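**Student:** Here it is, the structure, as structure tokens.
The values are calculated or read from the model by the stated rules, or taken from the named source; none is laboratory data. Nothing here was measured: the structure is a model prediction, and the numbers come from that model. Positions of Cβ are backbone-derived with ideal geometry, glycine not excepted, and every protein chain shown enters the neighbour counts.
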Amino acid sequence: MGFIWFWLVAIMLVGYVVLDGFDLGVGILHVFLPRSEREKQLMLRSIGPVWDGNEVWLLAGGGTLYFAFPLLYASAFSGFYLALMIVLWLLIMRGAAVELRMKVESGVWRSFFDGVFFISSALLAVFYGAALANVIRGVPLQADGYFFLPLWTDWRVGPHPGILDWYTVIGGVVALAALALHGALYLTVKTEGELQQRARTLARRLWLAVLLLTVLSLPASVIARPDTLANYRSYPLTFAVPLVVFLSLLGMSFFSRTDADRKAFTSSCVYLAVMLVGAAIALYPRLLPSTTDASYDITIDKALSGPHTLHVGLIWWSFGMLCALTYFVIVYRMFRGKVSLEGGGYEH
């Protein structure tokens, strides 16, 4: 059951990053890509029907984490308290920007919320990437399973790091570039005309940055956490993961240059998903490593709920996920096609 719930949580987090990732990417590009008010509205309308639904996967992942691994939930939510409060406020700011921007016919009003939308989206991407890097690197867990992390210390990895150091900053920059690219490729699918062409051009430029940062992230992970590749060496088939990452990067470049926009966006989805799966493989069976003593690591066995709870929960989880997937299929089918400002807003 521990193996099953570990990967169920991982799948939900992958779903969140892939789906809400293009929402964040559109927000990151919102102040750079459009040249007119009409194009800004097109960008917002491209995510308008789905952005809040996509965040369901974050809530579902957090709820499942609490249900299946309560020790991890308690430890992480206390140690990362400062970072989580920042993320919470960024999520609130982003939602407010999307909902309030069009409420007043004022250039100053709209420009203010354009800035809020951009800042909250960009910082969320950075914090998500830094959070994953913190988990891979490890945190200063104590014998009681708790820890404290300041926002930064001396910017070095070691027994007592901060939330931000050289490695977690790399993680944040990788996430920022990858989600900006993801958003640009999404816009090539949902828009047309000059906005679509600029999104294609920007995607091709961002691709090189993502490639270089991806190549940099592997040795950086090994330096920050020397046993990162232990599971890969034990199970050589898992080396298919970096191969798929490389192929998905090639797919993004090739399909983008041939204007096969849906295939390029699909390649970006595969890239994000497999990068996260690769991180999960590196961690397993640890949920949160300790930088002070390996015996303090929070593992699946230490954090797992009782067997009856997990068996009954699996039934209800399956029912809930079936309902959620049905909802997403209906919504994405209803709002398929290119976005427009006329009629219902979508050209099916």
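**Student:** Return the only residue of 111, 121 being assigned to a helix (DSSP H, G or I) and out of contact with any helix residue (DSSP H, G or I) (no Cβ under 9 Å at 6 or more places or on another chain). Before you say what the answer is, go through the steps one by one.
**Tutor:** Numbers: 121 fails: out of contact with any helix residue (DSSP H, G or I) (no Cβ under 9 Å at 6 or more places or on another chain).
Just one listed residue meets the conditions, 111.
Yes/no per residue for (1) within 26 Å of residue 275 (Cα to Cα); (2) aliphatic (A, V, I, L, M); (3) modelled with pLDDT under 90:
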site	(1), (2), (3)
70	yes, no, no
84	yes, yes, yes
104	no, yes, yes
110	no, no, no
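**Student:** Mind checking whether some residue in region 78-91 is of a type in the set (Ser, Thr, Tyr), in contact (Cβ under 8 Å) with a residue 12 or more places away in the chain and crowded, with 19+ Cβ neighbours inside 10 Å?
**Tutor:** Here is the first cut: in region 78-91, the ones of a type in the set (Ser, Thr, Tyr) are 78, 81.
Then drop every residue that is not in contact (Cβ under 8 Å) with a residue 12 or more places away in the chain, which leaves 78.
Now narrow it down to the ones that are crowded, with 19+ Cβ neighbours inside 10 Å: none.
Checking region 78-91: not a single residue is of a type in the set (Ser, Thr, Tyr), in contact (Cβ under 8 Å) with a residue 12 or more places away in the chain and crowded, with 19+ Cβ neighbours inside 10 Å.
**Student:** Sticking with this structure for a sec: What is the number of the single condition among (1) in a loop (DSSP other than H, G, I, E, B); (2) among the hydrophobic types (A, V, I, L, M, F, W, C); (3) farther than 30 Å from residue 342 by Cβ that residue 32 does not meet?
**Tutor:** Of the numbered conditions (1) in a loop (DSSP other than H, G, I, E, B); (2) among the hydrophobic types (A, V, I, L, M, F, W, C); (3) farther than 30 Å from residue 342 by Cβ, the odd one out for residue 32 is (3).
**Student:** Moving to a separate point now. Only one of 8, 29, 42, 33 is in contact (Cβ under 8 Å) with a residue 60 or more places away in the chain and in contact with a strand residue (DSSP E or B) (Cβ under 7 Å, 6 or more places away or on another chain). Can you tell me which?
**Tutor:** On the way: 8 fails: in contact with a strand residue (DSSP E or B) (Cβ under 7 Å, 6 or more places away or on another chain); 29 fails: in contact with a strand residue (DSSP E or B) (Cβ under 7 Å, 6 or more places away or on another chain); 33 fails: in contact with a strand residue (DSSP E or B) (Cβ under 7 Å, 6 or more places away or on another chain).
After ruling out the rest, the residue left standing is 42.
**Student:** Another question about this same structure. Which ones in region 121-160 are in contact with a Lys or Arg (Cβ under 7 Å, 6 or more places away or on another chain) and within 14 Å of residue 289 (Cα to Cα)?
**Tutor:** Listed by number, the residues that qualify are 136, 137, 138, 157.
**Student:** Could I ask something else about it? Within the group 210, 215, 241, which residue is touching a Gly at 6+ places or on another chain (Cβ under 7 Å) and farther than 27 Å from residue 293 by Cα? Please lay out each step first, then the result.
**Tutor:** Working: 210 fails: touching a Gly at 6+ places or on another chain (Cβ under 7 Å); 215 fails: touching a Gly at 6+ places or on another chain (Cβ under 7 Å).
None of the others qualify; the one that does is 241.
**Student:** Shifting gears a bit: On the basis of being at pLDDT below 95, over 20 Å from residue 184 (Cβ atoms) and more than 21 Å from the chain's Cα centre (by Cα), does residue 258 make the cut? Before the answer, list the steps.
**Tutor:** Working: at pLDDT below 95: yes; over 20 Å from residue 184 (Cβ atoms): no; more than 21 Å from the chain's Cα centre (by Cα): yes.
So residue 258 does not fit the description; no.
**Student:** In this structure, is residue 168 closer than 26 Å to residue 92 by Cβ and out of contact with any strand residue (DSSP E or B) (no Cβ under 7 Å at 6 or more places or on another chain)? Spell out the reasoning first.
**Tutor:** Details: closer than 26 Å to residue 92 by Cβ: yes; out of contact with any strand residue (DSSP E or B) (no Cβ under 7 Å at 6 or more places or on another chain): yes.
Against the criterion (closer than 26 Å to residue 92 by Cβ and out of contact with any strand residue (DSSP E or B) (no Cβ under 7 Å at 6 or more places or on another chain)), residue 168 qualifies.
**Student:** Another question about this same structure. Could you tell me whether any residue of region 94-105 is small (Gly, Ala, Ser) and out of contact with any Asp or Glu (no Cβ under 8 Å at 6 or more places or on another chain)? Steps first, answer last, please.
**Tutor:** Taking region 94-105 as the starting set, the residues that turn out to be small (Gly, Ala, Ser) are 95-97.
Now narrow it down to the ones that are out of contact with any Asp or Glu (no Cβ under 8 Å at 6 or more places or on another chain): 96.
So far as region 94-105 goes, yes, one or more of its residues are small (Gly, Ala, Ser) and out of contact with any Asp or Glu (no Cβ under 8 Å at 6 or more places or on another chain).
**Student:** Something else now. Among the candidates 15, 62, 21, single out the residue that is in a helix (DSSP H, G or I), in contact with a helix residue (DSSP H, G or I) (Cβ under 9 Å, 6 or more places away or on another chain), farther than 30 Å from residue 105 by Cβ and without any contact (Cβ under 8 Å) to a residue 12 or more places away in the chain.
**Tutor:** Working: 15 fails: without any contact (Cβ under 8 Å) to a residue 12 or more places away in the chain; 21 fails: without any contact (Cβ under 8 Å) to a residue 12 or more places away in the chain.
After applying the criteria, what remains is 62.
**Student:** Can you find even one residue in region 162-170 that is hydrophobic (A, V, I, L, M, F, W, C), in a loop (DSSP other than H, G, I, E, B) and surrounded by 20 or more Cβ atoms within 10 Å (Cβ to Cβ)? It would help to see each step written out before you state the result.
**Tutor:** Step one: of region 162-170, the residues hydrophobic (A, V, I, L, M, F, W, C) are 163-164, 166, 169-170.
Next, only the ones that are in a loop (DSSP other than H, G, I, E, B) stay: 163.
In the following step, the residues that additionally are surrounded by 20 or more Cβ atoms within 10 Å (Cβ to Cβ) were identified as 163.
Looking for residues that are hydrophobic (A, V, I, L, M, F, W, C), in a loop (DSSP other than H, G, I, E, B) and surrounded by 20 or more Cβ atoms within 10 Å (Cβ to Cβ), one finds at least one in region 162-170, hence yes.
**Student:** Applying the selection to region 275-301, what residues are free of Cβ contacts under 8 Å to residues at least 60 places away in the same chain and assigned to a helix (DSSP H, G or I)?
**Tutor:** 278, 281, 294, 295
**Student:** Just checking, does region 164-182 include any residue being at pLDDT below 95 and over 16 Å from residue 225 (Cβ atoms)?
**Tutor:** Among the residues of region 164-182, at least one is at pLDDT below 95 and over 16 Å from residue 225 (Cβ atoms), which makes the answer yes.
**Student:** Turning to a different aspect of this structure: From the list 170, 223, 163, 136, which one is more than 29 Å from residue 19 (Cα to Cα) and of a type in the set (A, V, I, L, M)?
**Tutor:** Details: 170 fails: more than 29 Å from residue 19 (Cα to Cα); 163 fails: more than 29 Å from residue 19 (Cα to Cα); 136 fails: more than 29 Å from residue 19 (Cα to Cα).
From the options 170, 223, 163, 136, the qualifying one is 223.
**Student:** Pairs please, first residue from region 143-167 and within 14 Å of residue 133 (Cα to Cα) and touching a residue at least 40 places away in the same chain (Cβ under 8 Å), second anywhere and surrounded by 14 or more Cβ atoms within 10 Å (Cβ to Cβ) and basic (Lys, Arg), Cβ atoms under 6 Å, 6+ apart in sequence or on different chains.
**Tutor:** From region 143-167, the pairs are 157/137; 167/137.
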